[in-house]
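One structure below.
Here, each number is a calculation from the coordinates, and none is a lab measurement. Since we're looking at a predicted model, the values are computed, not measured. Cβ atoms come from the backbone with ideal geometry, glycine included; neighbour counts cover every protein chain shown.
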Amino acid sequence: MAVLYPSLPPAIPINGLQREVDVLRMLEQSLSQGYEIFHSVPWHSVHEGRDRHGEIDLVVLGPTGNIMLLEIKSGTLKLIDGVMFKLYKDGSKDVGRQLRVQHAAMVSRLQQAGLRAVVTNCLVLPDFRVEGQHVLSIPPERIVDATGFAQLGSYVMEALSSGGGSAGGSSLIKAEPSPLTALRQFLCNEFKVTPDLRVLGAQLRQTTLRLADGLATWVPRIDTPSGVLRIQATAGSGKTQLALRLLQDAAATSQRSLYVCYNRALADHITQLAPTRAHVASFHELCVDHHRRHVGEPDFGAQGLYDQLSAEYKAAVEATPEMQGRYQLIIIDEGQDFEPDWVASLLPQLSEDGRIYLLEDAAQRLYPREEFDLSDVVTVHCQDNFRTPRQICQVLNALKLSQAPIEARSAYEGEVPNFHTYTTEAQLRRQTETAVKHLLSLGIALSDIALVSWRGLTNSVLIQTPALGDWSLRRPTGKYSKSGDALWTEGELLVDSVYRFKGQSAAGIVLTEVDFAALDEGVKRKLFVGLTRAHIAAEVVLTERAAGELMGVL
């Protein structure tokens with residue numbers, strides 16, 4: 001099987017390019033080991049003082065150093081006086097001339113780079129027959145039409161093993177084979193065959209939503225006599241999509257719904273996405289609101305306040321008929337962080353014919369909680385992660401950060417996170433800045449990067465810092481407006497704690513201020529939460545002793 005540059009996500013339809021992707025997939029499978037395929041390779045040449053630009057669909061580098069350019073033409077083609085034209089909405093294009101220009105541009109660029117290789121090309125027509133017709137501008141041996149398409153892999157291997165000849169009589173650069181590494185570097189770097197992560201980020205978000213839509217599609221179809229479903233699913237499996245789908249369906253049928261989570265930041269995030277009819281809140285927010293309506297403003301400086309408020313709320317639910325059976329849908333998100341009594345205070349609020357969904361992930365349990373059981377419950381397990389790049393998932397599994405291995409289902413291969421060590425606060429800031437710059441160098445926008453601190457809101461050095469390098473930091477103040485909205489400082493680069501950022505994600509994640517003496521279960525869960533926030537890439541800034549612990553495990 002051949003190697004692709006860049007690697008292509010599995011099962012992703014690419015608008016307007018699906019036929020090229022089909023050919024690419026077929027070549028990947030049919031070419032033997034040692035062949036390398038570069039796709040969507042741009043070219044540039046200068047002719048008579050004019051710049052010309054274009055793109056070669058596929059370039060195959062053989063194990064002997066020979067190169068073949070493949071131009072794929074699907075859809076409407078037309079032969080006029082022996083000349084083949086590709087018809088587009090804005091006109092037509094001479095296919096033979098396009099092949100000659102591409103070949104000449106590749107040969108010229110190789111010469112400029114001081115590389116010598118046998119370069120040939122061919123026209124691939126997966127949906128068109130040339131049988132009985134003669135194309136004057138393209139030798140017949142350089143055309144693979146629908147009749148020979150199934151043997152395209154064999155054709156390419158035979159042509160590259162023999163060296164082949166040039167299209168249209170152009171001379172080849174014939175000499176001893178060039179080192180493969182030099183040619184590979186030329187095709188990867190000179191032609192910049194790397195994904196544009198600014199574009200890829202948007203594509204991945206859409207693709208992740210489509211791939212992770214499974215839970216949201218089939219879980220609502222599950223019937224259980226008790227109406228209680230427990231969804232034990234890993235990060236990036238689609239739990240948020242499921243919750244939003246359930247809330248939307250409830251709103252469409254005029255059902256009363258309640259979404260409750262542990263993390264206030266997650267509740268704020270869901271509020272922006274959920275239907276306005278849905279009641280969205282963190283559990284403690286429910287307790288505080290109840291106290292305000294019936295008692296008055298809580299004394300937030302009192303010790304054990306939230307334990308008192310949650311007990312008060314539970315007692316009120318049990319004693320107040322109006323609070324019972326008032327919701328047809330209840331969603332408890334981040335269930336692994338709930339105390340049993342909190343769940344007990346929510347269950348009576350479900351109507352007799354209602355449904356309750358408990359969404360949880362044991363690998364994201366950041367607080368010591370007593371586990372609880374529910375009677376007559378249907379449990380669904382899912383270890384498919386559609387959000388986190390596959391290379392990062394391999395790190396999660398290598399470190400055994402979850403009890404069951406994560407199934408990497410992301411459309412993006414990604415790269416292994418870089419680990420930056422520090423010993424002083426000054427080094428912490430420098431290394432965190434270096435990590436951000438690396439993500440920027442990949443093409444991730446600053447607005448798509450989040451600094452996620454290992455420490456809590458009050459103990460984090462970075463959350464208390466106005467700026468990092470040249471960037472001002474957008475930081476949570478820990479305060480809220482009268483309407484209950486979280487208050488943030490103004491800034492270009494987001495920074496938050498791992499505790500608050502749980503349930504959210506960003507294209508690029510810098511997990512920073514990481515420090516631990518042993519890789520125990522609590523540490524594993526925080527690492528798991530931090531690394532699974534990334535859509536595209538993650539960096540880790542950690543103390544030397546923490547790095548030593550990780551290296552010992554790896």
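Based on Cα atoms of segment 213-385, Rg over Rh with Rh as the Kirkwood radius reads 0.95.
Hey, can you grab everything whose amide H is under 5 Å from the amide H of ARG230? Only 5+ residues off in sequence or another chain; H modelled, so Pro and N-termini drop out. Under 5 Å from the amide H of ARG230 lie the amide H atoms of LEU358, VAL378, THR379, VAL380, each far enough along the sequence or on another chain.
Each label was represented as a point 7 Å from its Cα along the Cα-to-Cβ direction; for HIS294 and THR217 these points are 4.4 nm apart.
Whole-Hz Karplus values for segment 110-120 come out as 5, 4, 4, 7, x, 9, 10, 7, 7, 10, 10 Hz, taken residue by residue from phi with 6.51 cos²θ - 1.76 cosθ + 1.60 and θ = phi - 60°; glycine and proline positions read x.
Per-peptide packing, taken as the mean over residues of other Cβ atoms within 10 Å, places 453-466, 493-506 in the sequence 493-506, 453-466 from highest down.
Diffusion of segment 290-386 by Stokes-Einstein, at 25 °C in a medium of 0.890 mPa s and with Rh set to the Kirkwood radius over alpha-carbon pairs, works out to 160 µm²/s.
Report, in listed order, any pair from LYS73/LYS437; LYS479/LYS526; LYS239/LYS437 with a Cα-Cα distance greater than 30 Å. Table pairs above 30 Å Cα-Cα are LYS73/LYS437; LYS239/LYS437.
Dividing the alpha-carbon Rg of segment 430-530 by 2.2 N^0.38 Å yields what? Write out the running numbers ahead of the final one.
Details: Rg = 13.8 Å, N = 101, 2.2 N^0.38 = 12.7 Å.
Cα-based Rg divided by the globular estimate yields 1.08.
Highest-first packing order for the peptide set 143-156, 376-389 is 376-389, 143-156, based on the mean count of other beta carbon atoms within 10 Å.
Per-peptide packing, taken as the mean over residues of other Cβ atoms within 10 Å, places 391-404, 329-342, 350-363 in the sequence 329-342, 350-363, 391-404 from highest down.
Between beta-carbons, use under 9 Å as the cut-off and find the net charge around VAL228, counting Lys and Arg +1, Asp and Glu -1. Let's see the in-between values first.
On the way: positive: ARG230, ARG355; negative: ASP376.
My count for the surroundings of VAL228 gives +1.
Couplings 3J(HN,Hα) for segment 256-271, derived from phi with the Karplus relation 6.51 cos²θ - 1.76 cosθ + 1.60 (θ = phi - 60°), are 7, 9, 10, 10, 10, 9, 8, 8, 4, 4, 5, 4, 4, 5, 5, 4 Hz, where x marks Gly and Pro.
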